[in-house]
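To start, the structure under review is shown below, and the notes come after it.
The values are calculated or read from the model by the stated rules, or taken from the named source; none is laboratory data. Please read all numbers here as calculations on a predicted model, not as lab measurements. With ideal geometry, Cβ positions are generated from the backbone for all residues, glycine too; neighbour counts draw on all protein chains shown.
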Amino acid sequence: MATVDKSTAGVNTRQYHVALAPGEVSSVALLPGDPFRVPLVAEFLTDVKEVAHNREHRTMTGWYKGRHITATSTGMGCPSTAIAVEELARVGVTSFIRVGSSAAVQPGIVPGDLLVSDGSFRNDGTTDAYLPKGFPAVPDLELTTALARHSERIATDAGTTAHRGISVSDDAFYAETPEWIEQLNRMGILNVEMEASALFIVARLRGLRAAMVCACSSNLIDGASLYSGVKPALSDGWMRSIEAALETAVELEL
Ligand SMILES: O=P(O)(O)O[C@H]1O[C@H](CO)[C@@H](O)[C@H]1O
Ligand SMILES: O=c1cc[nH]c(=O)[nH]1
């Protein structure tokens, strides 16, 4: 049998899902979930190019304060995020900063606040295919420290707040029951989103660096819902999260 070894197949060629080849990306990538948020990253950049758009993975590149920057959308959830990180690494990306949206599960956090992850509770299925559940999904600590500092400064300057703590990656947006939300709150989890576990686990396993800052879209404890007119606050939060990620890339020369 001529079994394909996916750990080496396609390395250094144009990638099957993200449709990128070596030489088309920088060493650092910002990762929003939504392809329509990639142009928000591009608003901060000069000499912008749309390099690829295949399925949910849209990629633009450009320059920010002398650093070459890539932005690629992951799509929603851990499966497509793991694919994006694996393929981006195969064409030369070594550092990843997710700029996401996320719901808070602690009181007092409002839409537009920034949420920096110190680690992800792996409530997803994808990362189980990589490592046993007991293995922690942790971001790169130097990257996270810088990202938290820039988030704090940028949020404060805008009259908002940056928070830091453990996030959870769920697989099933509409299966999050009130009981589950209460449990997360009692565990001291800061926020819920759907991609960080895959990002942190794949990055650790492949010797890459990763971190995450999200804009708060809603508060599932306080009842501030993303379905009831918080969109401008969320958009402002996305821009602040992107700026914090870009400043981190400049400071650490990623
Ligand atoms: O806005 P993004 O970055 O996609 O993040 C969040 O939004 C989606 C759910 O609405 C999930 O992908 C979740 O993680
Ligand atoms: O409830 C929510 C809100 C944003 N993102 C999530 O993953 N869940």
Self-check item: Test: residue in region 3-15 that is crowded, with 18+ Cβ neighbours inside 10 Å and not acidic (D, E)
Solution: yes
Here the residues within region 167-196 that are more than 12 Å from A103 (Cα to Cα) and within 15 Å of ligand 1 (Cβ to nearest atom) are D171, A172, Y174, A175, E195, A196
Of the residues in region 54-67, those that are buried (at least 16 other Cβ atoms within 10 Å of the Cβ) and of a type outside the set (D, E) come to H57, R58, T59, M60, T61, G62, Y64, R67
Taking region 147-184 and keeping residues closer than 18 Å to G223 by Cα and acidic (D, E) leaves E176, E179, E182
Any hit, region 134-152, residues being among the charged types (D, E, K, R), away from ligand 2 (no atom under 16 Å from the Cβ), modelled with pLDDT of 95 or more and in contact with a strand residue (DSSP E or B) (Cβ under 6 Å, 6 or more places away or on another chain): yes
Of the residues in region 87-115, those that are closer than 21 Å to G223 by Cα and either in contact with a helix residue (DSSP H, G or I) (Cβ under 7 Å, 6 or more places away or on another chain) or within 16 Å of ligand 1 (Cβ to nearest atom) (or both) number 13
Condition set over 19 Å from the mean Cα position of the chain (by Cα) and basic (K, R), scope region 46-87, selection farthest from A21 (Cα to Cα): answer is K65
Over region 143-158, the set of residues touching a Lys or Arg at 6+ places or on another chain (Cβ under 8 Å) and assigned to a helix (DSSP H, G or I) is L143, A148, S151, I154, A155
